[in-house]
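These notes are about the structure you will find just below.
Just so you know, all these numbers are worked out from the coordinates, no wet-lab data involved. Remember, it's a predicted structure, so these values are computed and weren't measured experimentally. So basically every Cβ, Gly included, is an ideal-geometry build from the backbone, and we count neighbours across all protein chains shown.
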Amino acid sequence: MAMSRANMNQQITKPGQQRKVGTVMREFKKGELHSGKKGPVVKNPKQAIAIALSEARKVKKAAGGSVDGCAIRGRTRA
């Protein structure tokens, strides 16, 4: 499933997430991004974006938020 730039920007809302995505994409451009800890080097830009969004979600969860944003406001998902 291809993700447009607009959809990617909607998922990245926090400054910490934006920094993480920028870091991951720089690693990809330099050829230093690996899938997993010591896996092969990522060569597909779509895979690099998927890794970046996944790591950005981890940053958001570590900051105390939930993936869908409900826990931030103290509500549960309906």
| message | For the ranges 15-21, 30-36, what's the packing order if you count other beta-carbon atoms within 10 Å of each residue, average per peptide, and put the highest first? | response | 15-21, 30-36
| request: Grab the beta carbon distance between HIS34 and ALA63, set R0 = 25 Å, and tell me the FRET efficiency rounded to 0.05. | output: 0.50
